[in-house]
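Heads up: the structure comes next, in structure tokens.
Every read-out reported here was derived from the displayed coordinates using simple, explicitly stated rules and does not represent laboratory data. The shown structure was predicted, so the numbers you read here are calculated from the model rather than taken from an experiment. Backbone-built Cβ (ideal geometry, glycine too); neighbour counts: all protein chains shown.
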């Protein structure tokens, strides 16, 4: 099987352009995972997970509550546009399905809905911060 270097280079360029740390691509039986460590961009043609240097949030205050997680890799935005009112603030009461923030990926704005009713206990990301798939964005009580 021939490796498509042009495609891999294009995927690596997307990492840089959209400030992502990891990108998965699949077409038919071909799967490519491209991820970036702190030192350099690496590419992988297998399903192996490349260890990342991630700061793990350890806060006993965060153990209780409902976690709203990012559905995709991208950039989190707390408001619809710069300078606009934030979707939610700590202490706000929200309903299931209400937009809590936007995660932008590849120039597409993806609204992140609340998975349940509750009160915003803690917002774990800042406006414009890159986020990973499955990363906890906020906690409800």
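One table, with the values for the structure above:
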| quantity | calculated |
| --- | --- |
| Per-pair calculated FRET efficiency, R0 = 22 Å: residue 89 and residue 115 via Cβ, rounded to 0.05 | 0.75 |
| Set of region 112-141 residues, backbone N closer than 16 Å to the point 7 Å along the Cα-Cβ line of residue 19 | 125-133 |
| Compactness of region 61-140 as Cα Rg over 2.2 N^0.38 Å, two decimals | 0.99 |
| Length released on extending from residue 108 to residue 80, taking residue separation times 0.36 nm less the Cα-Cα span | 8.8 nm |
| Order of 126, 132 - criterion: other Cβ atoms within 10 Å of each residue's Cβ, fewest first | 126, 132 |
| Region 70-141, relative contact order in percent, only Cα pairs under 8 angstrom and at least six apart counted | 40 percent |
